[in-house]
Amino acid sequence: MSTMKALTYLGPQSIKWQSVAKPVVLKATDVIGKILATTICGTDLHIWKGDVPESTEIAEKQKGRGLILGHEGIIQVESVGSAVKNFKPGDIAIASCISACGECHYCKNNLQAHCTQEGSSGWILGHEIDGTQAEYVRLPFGDHSLYHAPKGVSYDSLLMLSDILPTAYEVGVLSGDVKEGDSVAIVGIGPIGLSALISAKAKNPSEVIAIDMDDARLEVAKRYGATKTINPNKENVKEKVMEYTTAANANLSSLDAKKPGVDVAIECVGVPATFEMCEDLIAPGGAVANVGVHGKSVELKLQDLWIKNIKITTGLVSAYSTAELLQKVTSGEIDPAPLVTHHFKLNEIEKAYDIFKNAAENKAIKMVLTNEE
Ligand SMILES: [Zn+2]
Ligand SMILES: [Zn+2]
């Protein structure tokens with residue numbers, strides 16, 4: 001049996017880079033890929049902390065071996081199952097965080113997050129089955145879960161298409177229905193918030209207000225085109241948003257003027273305070289698009305929201321927009337490469353986790369790990 005090295009999750013707060021068996025094709029629709037590049041997601045830290053019980057259960061069942069983490073990656077196809085039509089050995093591809101059969105009710109309705117054909121959801125990689133933080137990975141449903149990597153685009157850029165760009169775009173920008181001329185607030189300027197900013201800008205909003213408690217991240221947001229920034233530790237967020245959106249009406253006739261507040265608030269943190277902040281910032285007819293993963297109930301201010309005709313959307317990424325985003329990245333309309341702040345070799349991944357765990361103090365956004373000689 002041949003072996004490989006992988007980053008395994010053994011149980012809460014325990015990860016280890018160790019030798020495990022190399023994956024093989026188990027189903028006709030599988031693709032086995034050699035990992036060329038991968039990255040670490042905030043969700044991997046949730047699992048590491050022990051906040052994802054199904055992953056902990058799977059990891060602890062295989063004592064000492066655990067579960068391989070990671071759901072983002074660029075691969076070189078090593079072998080394919082007999083039913084795989086679109087990929088052959090040697091192809092370079094982007095692995096989506098969502099494994100989709102392409103044929104079930106949910107896959108046909110752009111809800112690949114709920115694919116019924118393997119595991120409890122479309123997000124199974126590095127969650128319910130071994131993931132991409134390894135030298136090799138088994139990718140179920142290769143034909144519907146991989147995207148050919150165009151030549152001439154960096155792996156840094158392409159890696160952002162595995163998860164964070166489609167997540168921010170689908171669950172934030174598209175669900176919130178960001179349109180040309182809209183005012184948008186983005187709460188939480190981590191990797192997802194920045195991805196929301198980049199992909200919202202592609203819709204030509206009139207104003208994008210970045211909100212975060214870390215001034216360094218607000219500076220990054222400005223570089224990416226945020227028109228205003230607010231640090232809640234220093235300023236009253238609601239007052240500032242009302243002030244900025246009122247000022248935007250200065251040159252409009254009373255017929256065209258909008259009421260104060262943003263058209264869309266994209267929540268990218270996942271704690272009650274930031275969700276409740278978003279509820280306070282919306283203008284009539286607007287939307288709160290929640291992207292953050294919450295562990296607790298929030299206060300739903302229906303008594304204020306109903307009379308303003310506010311829409312609230314939530315979601316897990318389905319990755320139905322990956323092909324569209326890949327096109328925008330290839331054409332240069334969206335350039336996510338600068339989100340990558342740190343590069344490591346794959347075998348240094350434990351060190352990369354240590355830095356990513358303290359992302360703010362290390363000014364870390366995305367860490368790329370490469371596995372090329
Ligand atoms: Zn992720
Ligand atoms: Zn499906």
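Every number here is computed from the coordinates shown, using simple stated rules; none is lab data. Keep in mind that what you see is a predicted model, and the values were worked out from it rather than measured. Cβ coordinates were reconstructed from backbone atoms using ideal geometry, including for glycine residues, and neighbour counts include every protein chain displayed.
Rounded to the nearest Hz, the phi-derived 3J(HN,Hα) couplings of region 100-117 under the Karplus curve 6.51 cos²θ - 1.76 cosθ + 1.60 (θ = phi - 60°) are 10, 6, x, 10, 7, 3, 6, 4, 6, 10, 6, 10, 4, 4, 10, 3, 8, 8, where x marks glycine and proline.
Each DSSP beta bridge with both residues in the chain is either parallel or antiparallel, and the antiparallel ones are about 55%. Please enumerate, by chain and number, the aspartates and glutamates with C-alpha under 19 Å from the C-alpha of residue 238, excluding those fewer than 8 residues away in the same chain. Leaving aside aspartates and glutamates fewer than 8 places away in the same chain, those within reach of residue 238 are 182, 207, 212, 214, 215, 263, 267, 276, 279, 280, 299, 304. How tilted is helix 237-247 with respect to the longest principal axis of the chain? Cα atoms for both, answer in degrees (0 to 90, nearest 10). The angle comes out at about 60 degrees. Annotation: amide H-H contacts under 5 Å for residue 185 (H modelled 1.01 Å from N, sequence separation of 5 or more, or interchain): 209, 264, 265, 266.
Less than 18 Å apart at the alpha-carbon level, and either on another chain or at least 8 residues along: which aspartates and glutamates does that give for residue 88? Filter leaves 30, 78, 143. The spacing between region 109-171 and region 234-269, judged by their C-alpha centroids, is 36 Å. At what distance in angstrom do the alpha carbon centres of region 321-358 and region 1-61 lie from each other? Result: 19 Å between the Cα centres. Here region 63-90 and region 191-216 have alpha carbon centers that stand 33 Å from each other.
When each of the peptides 65-78, 173-186 is scored by the mean number of other C-beta atoms lying within 10 Å of its residues, the order from highest to lowest reads 65-78, 173-186.
Gyration tensor analysis over the Cα atoms of the chain returns equivalent ellipsoid semi-axes of 37, 21, 19 Å (largest first, whole Å).
Stretching the chain fully between residue 294 and residue 259 yields a gain of 9.6 nm (0.36 nm per residue, less the alpha carbon separation). The loop-placed trypsin sites (Lys or Arg not before Pro) in region 71-142, going by DSSP, that have at most 16 neighbouring Cβ atoms within 10 Å of their Cβ come out as 85.
Over the C-alpha atoms of region 165-313, the Rg to Rh ratio, Rh being the Kirkwood estimate, stands at 0.93.
Relative contact order of the chain, taken over Cα pairs closer than 8 Å and 6 or more residues apart, is 17 percent.
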